[in-house]
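This report refers to the structure that appears directly beneath it.
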Amino acid sequence: MSGETKGLFVDGKWVKKQRTYELRAPYDGQLLARISMADADDVKKAISGAQRAFQTMKNLPAYQRSEILFRVVQLLKERKEEMARIVAKEAGKPIRAARGELERTIATYQFAAEEAKRIYGETIPMDAAPGGEGRIGMTWREPLGVVVAITPFNFPFNLVAHKLGPAFAAGNTVVLKPAEQTPLSALVIAEIFQEAGLPDGALQVITGSGRELSDALLTDERVKKITFTGSASVGKLIKQKAGLRKVTLELGSNAALIVEPDVVLDKVIPRCVEGAFSYAGQVCISLQRVYVHETIYEEFCKRFIERAKQLKVGDPLDEDTDISAMIHQREAERIESWVEEAVQSGARIGLGGVRNGSVYSPTVLLDVKRDMAVSCREVFAPVVSIVPYRELQEAIEMVNDSVYGLNIGIYTTNIQHALYAARHIESGAVIVNDIPTFRVDHMPYGGVKESGYGREGIKYAVQEMTELKLVSIKTDF
């Protein structure tokens, strides 16, 4: 793989460009490949090809779209270990976590294959209104056309699956722009879809600089929908350029958890450590803020730190590694500065706070104030703050004191407290008796406030990627 030039995937063909960039592994800097850099003309060609292919895709019977997706599932199962190693190398994801991502990716495409055959409409009782007598009303859903999908580095197979799966299930075509650090996974999934029988042009993969390609991707009137997972700042720019076209935005978060005094800490602590530090905290719903009742606060902190000390930091291809490098050294330097600023403002380091190149050690912060960057912004790093509270209402107010609202968790054995929290927490999802990092791939997933809008989860994404049409028939004509 080292040094090989990878091309764009346009109209079912591989197109190598003279202009390339070096793709290097986050952990050790190994040269993985040279990646072709598309320009605006390449984007136009890709959109044109996707527009032509839409005529085929929209007429493809549902069972055939389903069969293509099921073949993708089978091919991924056969190449699962190969795919996991690609993720481990290009994203720096520990190999065990990479395998977990591939399992989820397989499930996501399987859900999409199933959903392709149950895109339903309904009948409307037209005579419920005066003047509606003698009429039949019915609805169905139609594909939109060309979808632009822009995906991040942290789940380069599964978050791509959450764009491609529902788009193809519904009969759309896709121009995919993967993150610059993780193009290999997108390119190999293009190979798999081609082998599975997806019509040429239905999937276009454009690699290169997002900054350079954004206008061409976002302003072309032939694009009917934009689906983006990434930062809130970029999401706002996309929204400005999208106009009246459909947009799904999965943006940032600083996920929080409330821990009530009646829970068994032996059950809670391992999940909390996992939620805070999996993939070095580079997960949209990584556990960033923990609010623990004051009566168990000291014990919780002690046990949490003891458990976190057991995590192994190292090579992502090592079977025993729990945490590896962050995606870029500049990201490790960023979080290092955030932690230093917090300490200078009165926070204490309970564990960690050490950077070694692109690796940042698992870090626990205490005495954190609400206005510190490590609390009010998205850390996207292996850093967690633990804060005491007195009453549940106080904890909910601290949870809601955020511009984000994606997933929030609460551990409690009190059903009234659980339902009260679910009602009053401002988020897209409230996870009771588990960490906010919990997600399965068919559930509705999305946020409020600056966490974005629209929902993923295959059934819900299909709805976002189709248009509802009403047909009214006058029967006594």
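The values are calculated or read from the model by the stated rules, or taken from the named source; none is laboratory data. Source: prediction; values computed, not measured. A quick note on method: Cβ atoms are made from the backbone with ideal geometry, for glycine too, and the neighbour counts reach across all protein chains shown.
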>> Among (1) over 30 Å from Gly145 (Cβ atoms); (2) touching a residue at least 40 places away in the same chain (Cβ under 8 Å), there is one condition Ala461 misses while meeting the rest; what is its number?
In response: (1)
>> For the range 405-431, which positions are more than 28 Å from Ala112 (Cβ to Cβ) and in contact with a Gly (Cβ under 9 Å, 6 or more places away or on another chain)?
In response: Ile425, Glu426
>> Cβ contacts < 8 Å: first residue without any contact (Cβ under 8 Å) to a residue 60 or more places away in the chain, restricted to the range 106-123; second residue acidic (Asp, Glu), any location; separation 6+ or different chain. Result?
In response: Ala113/Glu67
> For the range 108-227, which strands (runs of 3 or more DSSP E) that fit wholly inside it have 2 or more residues that are surrounded by 23 or more Cβ atoms within 10 Å (Cβ to Cβ) and in contact with a Ser or Thr (Cβ under 6 Å, 6 or more places away or on another chain)?
Replying inline: 146-150
> Across the range 33-47, what is the total count of residues that are of a type in the set (Lys, Arg) and either within 12 Å of Leu8 (Cα to Cα) or buried (at least 19 other Cβ atoms within 10 Å of the Cβ) (or both)?
Replying inline: 2
> So how many residues does the range 48-73 have that are without any contact (Cβ under 8 Å) to a residue 12 or more places away in the chain and in contact with a strand residue (DSSP E or B) (Cβ under 8 Å, 6 or more places away or on another chain)?
Replying inline: 0
> loosely packed, with under 15 Cβ neighbours inside 10 Å, within 20 Å of Glu341 (Cβ to Cβ) and at pLDDT 95 or above - does that describe any residue in the range 448-461?
Replying inline: no
> Phe380 fails exactly one of the following numbered conditions: (1) surrounded by fewer than 19 Cβ atoms within 10 Å (Cβ to Cβ); (2) assigned to a loop (DSSP other than H, G, I, E, B). What is the number of that condition?
Replying inline: (1)
> Does at least one position in the range 232-241 carry a residue that is touching a residue at least 40 places away in the same chain (Cβ under 8 Å), buried (at least 19 other Cβ atoms within 10 Å of the Cβ) and in a loop (DSSP other than H, G, I, E, B)?
Replying inline: no
> Before we move on, is Lys77 in the same structural domain as Arg211 (by TED's automatic domain parsing), touching a residue at least 40 places away in the same chain (Cβ under 8 Å), in contact with a helix residue (DSSP H, G or I) (Cβ under 7 Å, 6 or more places away or on another chain) and among the basic types (Lys, Arg)?
Replying inline: no
>> Is it the case, given these coordinates, that Leu176 is under 16 Å from the mean Cα position of the chain (by Cα) and under 23 Å from Lys58 (Cβ atoms)?
In response: yes
